[in-house]
Every structure is written in C-alpha cells, then in structure tokens.
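No lab work stands behind these numbers, since they all come straight from the coordinates. Keep in mind it's a predicted model, so treat the numbers as computed, not measured. Because the Cβ atoms are built from the backbone with ideal geometry, glycine has one as well, and the counts that use them run over all protein chains shown.
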Amino acid sequence: MLQITKKPIGMGKERMCFVHPEDPRLAIKIAKGKVNEQSKREIKFYRNLQKRGETVDSHIPKFHGLCETNKGPGIVVDLIRNYDGEISRPLNWYLAQGFPIEEFEPRLEELKQSFLKNLIIFNHDMTIGNLLVQRTSSSKFRIVAIDGLGDVVAFDWLDRFAFLVRRKINRRWARFIARVYRSREVRQQREAASEHSQSDQ
Ligand SMILES: Nc1ncnc2c1ncn2[C@@H]1O[C@H](COP(=O)(O)OP(=O)(O)O)[C@@H](O)[C@H]1O
Ligand SMILES: [Mg+2]
C-alpha cells in the first residue's frame, strides 16, 4: 500500500489529487467520500479506451491503473506538468489573469478535434477549471482535459456507432463552449476590455 504524506496538489469537489509518492511524473486521484460516481465513470472510461487498444494522444492524461493508499483507493494518471516541471494550471486561472480567451481558441479547437478523432465522450464536468494549460515550451502550449471524461448516461450501446458518438461530442462541445463564454472569468475580461476601449475614446 502506498503511503501518502504530502499535501494534495489539487482539490476538486469530489476528489483530492496527490503527487505519486514513488514517481513525481504521476498523480493519484482519491475520492473524498466513500463511493464516487465521478471516479467510477472515469475508470470505466479509461478501461474502455484500453479495450479499444488505441494510443490516445496527449490531450488527456495517460491512465496507469488503480492503486491502494493510506487515504483510500486511487486512480493513477500522468501528472500534467509544464516543460519546466511546474504543475500545469487550469484555463480559468489564465482567464482570470487576463489572458484573452481568443488566445486559447485554436488550442480548444485542437482538443475538440482530438475528441472527435479518438471518440472521447465527455460530460457536463468539462469546465475551464478542469482543463489544464500545459506549456510544452516557452511559447507553445496544449490543453489537457483532466476531469469530466466519460459519459453520464447508462444506455451507452449506441456508442458502438462512431457517427452517433461524433454527433454527441459535437452537441456537448457546443454546450461546453457556450458555458465558457458565459463564465465569470470571460465576462469579466470582456467588461474590462470594453471599459478600456471606452476610456480610449
Ligand atoms: N492529471 C493531473 N495533473 C495535474 N493536476 C491534476 C491532475 N488531475 C487532477 N489534478 C488536480 O486535482 C484537482 C482535482 O481533480 P479532479 O479530477 O478535477 O477532481 P474532481 O472530480 O473532484 O473535480 C484538479 O482541479 C487539479 O488541480
Ligand atoms: Mg475537477
């Protein structure tokens, strides 16, 4: 059993995330409560992906199986770090800092294309707080989805038809993007920009 003694690096509503005590390249996600729907969904999602035998690209963390820890059972995934070793920050953090949403649009489109290509279904937990901006060099970055992966519906037999899965992904993506532009972070930066342009006139 793994002994976790350090503080969590991240805390969601339902789960805590730690650096793996034996490998700093890995993260362990542990439910705060006893049973956790989100974790069950995520494990099912990663298992399905493994069954399909596809080598999924770098827009979601790689799954490294399950583990037992002193804090309960955990999910082991890649810990998303920038090229300099710093743990990547979420998109909402960058937006709150004032980085305009437009700068992220091409990378978000890339994420969508990766989901469509790899038939990756996500749910309503796909939010700007659950997307990490992974800086791969001083000028380049990609967006990595760490949470909100997998489906919320029980009847998933239709997912055997790729075209239906793509339709679902497109539909959910449209809703996700609408949520992004409605978010407090984006509204605030747009208000600040319009005040700025008014004071320029
Ligand atoms: N693979 C990862 N790499 C880096 N940080 C992570 C990773 N997975 C989770 N985290 C951090 O842990 C937090 C909680 O994990 P998350 O999966 O979002 O749990 P929850 O379902 O409770 O929202 C995230 O907001 C993030 O800060
Ligand atoms: Mg989360």
Positive-pole candidate from SER199, LEU119, ASN82, dipole of region 80-201, charges at beta carbon:
LEU119
Filtered hits (lysines, Cα-Cα < 24 Å from LYS6, offset >= 8 within chain) -> LYS29, LYS32, LYS34, LYS62, LYS71
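In the P(r) worked out for region 1-79, what percent of Cα pairs fall beyond 16 Å?
Numbers: 1503 of 3081 pairs.
More than 16 Å apart: 49 percent of the Cα pairs in region 1-79.
Would you tally the net charge around LEU132, using a Cβ to Cβ cut-off of less than 12 Å, leaving LEU132 out, and scoring K and R as +1, D and E as -1? Write out the running numbers ahead of the final one.
On the way: positive: ARG81, ARG89, ARG107, ARG135, ARG142; negative: ASP78, GLU86, ASP147.
Summing Lys/Arg as +1 and Asp/Glu as -1 gives +2.
Ignoring the sites themselves, what is the longest stretch of the chain with no chymotrypsin sites (Phe, Trp or Tyr not before Pro) in a DSSP loop and at most 14 other beta-carbon atoms within 10 Å? Mind dumping the intermediate values first?
Details: sites that count: TYR83, PHE155, PHE161.
Of all site-free stretches, the longest is 1-82.
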Between the DSSP loop rule and a limit of at most 15 other Cβ atoms within 10 Å, which trypsin sites (Lys or Arg not before Pro) in region 91-174 are left?
LYS140
Within region 1-96, trypsin sites (Lys or Arg not before Pro) in DSSP loop having at most 15 other beta-carbon neighbours inside 10 Å
LYS6, LYS13, LYS32, LYS34, LYS62
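Counting only DSSP beta bridges with both residues in the chain, tell me the antiparallel percent, nearest 5. Walk me through the numbers on the way to the answer.
Numbers: 27 of 28 bridges.
About 95 percent, rounded to the nearest 5.
DSSP loop GluC sites (Glu not before Pro) in region 41-89 with at most 15 other Cβ atoms within 10 Å of their Cβ, which ones?
Details: sites: GLU42, GLU54, GLU68, GLU86; in loops: GLU54, GLU86.
Within region 41-89, the qualifying GluC sites (Glu not before Pro) (loop, at most 15 other Cβ atoms within 10 Å) are GLU54, GLU86.
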Place a +1 charge on the Cβ of each Lys and Arg in region 1-79 and a -1 charge on the Cβ of each Asp and Glu, then give the dipole magnitude about the Cα centre in debye, rounded to the nearest 20.
320 debye
Given Cβ point charges of +1 (Lys, Arg) and -1 (Asp, Glu) and nothing else, what value in debye, to the nearest 20, does the dipole of the chain about its Cα centre take?
720 debye
What number comes out for the charge environment of ILE177, summing +1 per Lys or Arg and -1 per Asp or Glu over other residues with Cβ under 12 Å away?
+4
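Pop the C-beta distance of GLU86 and LEU116 into the FRET formula with R0 = 25 Å and round what comes out to the nearest 0.05. Show your work: numbers first, answer last.
Numbers: r = 30 Å, r/R0 = 1.21.
Between GLU86 and LEU116 the formula returns 0.25.
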When the helix-only estimate is applied to the chain (DSSP H runs of n ≥ 4, each -39,500 (n - 2.57), divided by the residue count), what is the mean residue ellipticity at 222 nm, nearest 500 deg cm²/dmol?
-12000 deg cm²/dmol
Sorted from largest down, what three extents in whole angstroms do the Cα atoms of the chain have along their principal axes?
64, 44, 32
Taking the Cα centre of each part, how many Å lie between region 30-59 and region 1-25?
17 Å
